[in-house]
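Participant: Here it is: the structure, laid out below.
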Amino acid sequence: MNIDKNTVNILLDMVKKDTIPAIGCTEPVAVAYASSIARKHLEGHIEHITVNVSLSIFKNGKSVMIPNTKEWGLDLAAALGAICGDPEDGLCIFKNINQEDIDRAHKMILKNAVRVSWALNTPDVYVEIIMKSADSTVEVVLKNSHDHIEAIRVNGELIYEDKIDNKEQTTTGFLENFSFKELREICEKVDINELSFIEDGIRMNKMAAEQGLKSKKGLGWGASLLILQKQGKLSADASQKARILTAAGADIRMGGGDCPIMTSAGSGNQGLGVILPIVVVAEEREIEKEKLYRAIFYAHIINKFVKQYTGKLSALCGCAIAAGVGASAAIAWMLGGDDNQIAGAVQNMMANLTGMLCDGAKETCALKLSTSAGEAVLAAYLACENVIAKANTGILGGTVEETIKNLGILCNKGLSTTNEVIVGIMS
C-alpha cells in the first residue's frame, strides 16, 4: 500500500478518536452518558428509566465499581447520569458525584423507577435509554462507541441523528488493509509533533498506577505485589514492574477511584495495558522519548487493528489479545527488533493468552491485566532473542496477520454464544 501523508493522517485521527480520558469503567460510563443526554431533553420529573444494553455492556457493567460511590450496577449508573451527569463531561461523567446524588439515585431505584435488560443481536457497544415523565418520553440510542449518540427522539419525533456513514465505515475497515510492517513504517514516519497526546497518556496512567499503589482500592493487587517484591519474594525486572504498575492502575479504576485513565481503542484497562509496560521497559533501558512515543502510538494502532477482527468488546479478554499484543509488538520494535521479531512477539502472546476469557469488568481485572502486561514484556524479550512460537500450530497462522484473522474467527464464530452463557451464569 502507498503510505502517503493522507494515509498517515487517517490512522492518526483513528487512534486519537479512541485515545481519550475516562473516569471509571467505560460500560457504566456509556449508560450514564446516554442517560444524561435523555435527561437534558426530558420535560418534567423523571418517572421511569428503561435501560436496554448489549450483552457486552451488561457483562462489563454489572459488577464494576462506579467512581465516587463504592457501589456498582447499571441501574445506579443510569440514575446518576440522569441526576447529576453533565453530557459535556463525556467519558468523565462520574467525576462530580456526591453523597446527595447517590441518595437520590437510591430512592429512584427503590421505587423501581429504573429497569435494566440486555438484548441479543446488537452491536458490541449498544445502549438504549427510554426516559419518561408525565409530560414527555425521550429515547436515546448510543451505538458503536462509548460516547457516540446515534439518535435522540422526543415524544416519538427524531430530533437528532448521527449514524456512522459509509465513509466512516470505510475508514475503520481501512485498517485491515495494512500489514504489521506497513503499520510499523507509519509509526516511524508520523510527525513527532502530532504525538503530544501520547505524553498525556503516559502522565495520566502512571499517576493512576501510583495512586493505586497508595490507596489499595479494589483488590489492592498491585500494592500487594509490590510488598512481595520488597520482601524479595518477587523479582524486580521489567516484567514484574509492568505487572505491578498495570495491576495498580486497574485496582484504582475497577475499585471506584476517580482518577482519569487514558484509554486505548475506547478502553481504560487497555489504555493501561498498552502504555505502562512500554514505559517500564523504556525507563529501564533508557530509551529516548521520541522512540517511546512512537512505540506507544504503534501499540495503540495494533490494539485497534486486532479489534477490527475480534470486535470492540468480545468474549476474550481485550487486555490479553489486543492491548497486550500491541504492547509486546511495540516493545520488540523499541528494543530494535526486526519485522520478524515484532511479529514473533505477537505470535508468542497469541500462543500464550488467547484463551483468557472476559467474564465482565470487576476488581479481578487487575489480575488479568497484570498477567497480560508481564507476559507482553517477556514475549517481546524472547522474540528479540528469536525464541518464537512455531507458525501454523493451534490458532497461529503462517503470518501474524493470519493469526489475527484466525483470532477473529474464533471470537465471532467459535465463541459467538459465550457472552450469553457468561451473563446467564452472572445472573
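Bear in mind these aren't lab numbers, they're just calculated from the coordinates by the rules spelled out. Please read these numbers as outputs of a predicted model, since none were measured by experiment. Reconstructed Cβ throughout: ideal geometry from the backbone, glycine too, with neighbour counts over all protein chains shown.
Participant: Anyone know which of 349, 14, 254 comes out most mobile in the 10 Å Cα GNM of the chain?
Facilitator: 14
Participant: So which aspartates and glutamates pass the test for residue 312, namely a Cα distance under 16 Å, with those fewer than 8 places away in the same chain ruled out?
Facilitator: Within the straight-line limit of under 16 Å, residue 312 reaches these aspartates and glutamates: 18, 27, 124, 147, 168, 176, 359.
Participant: Run the numbers on the chain and let me know its relative contact order in percent, using alpha-carbon pairs under 8 Å that are six or more apart.
Facilitator: The value is 18 percent.
Participant: Based on the Cβ-Cβ distance from residue 158 to residue 203, what FRET efficiency comes out when R0 is 51 Å, to the nearest 0.05?
Facilitator: Calculated transfer efficiency: 0.75.
Participant: Hey, another quick one. For the range 36-164: lysine pairs with Cα atoms under 20 Å, gap of 8 or more or different chains, count?
Facilitator: Going through the range 36-164 pair by pair, I get 15.
Participant: Same structure, new question: With label points built 7 Å along Cα→Cβ from the Cα atoms of residue 210 and residue 427, find their separation and express it in nm.
Facilitator: My value for the distance between the label points is 4.4 nm.
Participant: Once you place label points 7 Å from the Cα toward the Cβ at residue 4 and residue 399, how far apart are they in nm?
Facilitator: Reported label-point gap for residue 4 and residue 399 is 2.3 nm.
Participant: Binning every alpha carbon pair distance of the chain at 10 Å from zero, what are the percents per bin?
Facilitator: Per 10 Å bin, starting at zero, the Cα-Cα P(r) for the chain comes out as 5, 23, 32, 25, 11, 3, 0 percent.
Participant: Please report Rg over Rh for the range 178-426, where both radii come from the alpha carbon positions and Rh follows the Kirkwood definition.
Facilitator: That ratio is 0.95, to two decimals.
Participant: Read phi for every residue in the range 338-343 and hand back ³J(HN,Hα) as whole Hz from Karplus 6.51 cos²θ - 1.76 cosθ + 1.60, θ = phi - 60°, with x for Gly and Pro.
Facilitator: Those phi angles translate into 7, 4, 5, 6, 4, 4 Hz.
Participant: Note down the relative contact order for the range 22-161 as a percent, whole number, built from C-alpha pairs under 8 angstrom at least six residues apart.
Facilitator: Dividing the mean separation by the residue count of the range 22-161 yields 34 percent.
Participant: From Cα pairs below 8 angstrom and at least 6 apart in sequence, can you work out the relative contact order of the range 178-426, rounded to a whole percent?
Facilitator: 22 percent
Participant: Next up: Pulled fully out, how much extra length does the chain show between residue 230 and residue 340, if you take 0.36 nm times their separation in residues and subtract their Cα-Cα distance?
Facilitator: So the chain would gain 35.9 nm between residue 230 and residue 340.
Participant: Further question: Choose one of 298, 280, 196: the residue whose Cα lies farthest towards the positive end of the charge dipole of the chain (beta-carbon charges +1 Lys, Arg; -1 Asp, Glu; about the Cα centre).
Facilitator: 280
Participant: Dividing the Cα radius of gyration by the Kirkwood radius, what Rg/Rh value follows for the range 22-161?
Facilitator: Ratio of gyration radius to Kirkwood radius: 0.93.
Participant: Further, regarding this structure: With label points built 7 Å along Cα→Cβ from the Cα atoms of residue 415 and residue 193, find their separation and express it in nm.
Facilitator: 4.3 nm
Participant: Further question on the same structure: In the neighborhood of residue 318, defined by Cβ-to-Cβ distances under 15 Å, what is the net charge if each Lys or Arg adds +1 and each Asp or Glu adds -1?
Facilitator: My count for the surroundings of residue 318 gives +2.
Participant: Take the Cα gyration tensor of the range 306-427, multiply each eigenvalue by 5, square-root it, and list the three semi-axes largest first, rounded to whole angstrom.
Facilitator: 26, 16, 10
Participant: Moving to a separate point now. Whole number please: convex hull volume per residue, Cα atoms of the range 277-324, in Å³.
Facilitator: In the range 277-324, the Cα convex hull volume per residue is 58 Å³.
Participant: To continue, here is another question. If R₀ is 60 angstrom, what is the calculated FRET efficiency for the pair residue 136 and residue 181, using the beta carbon separation as r and rounding to 0.05?
Facilitator: 0.60
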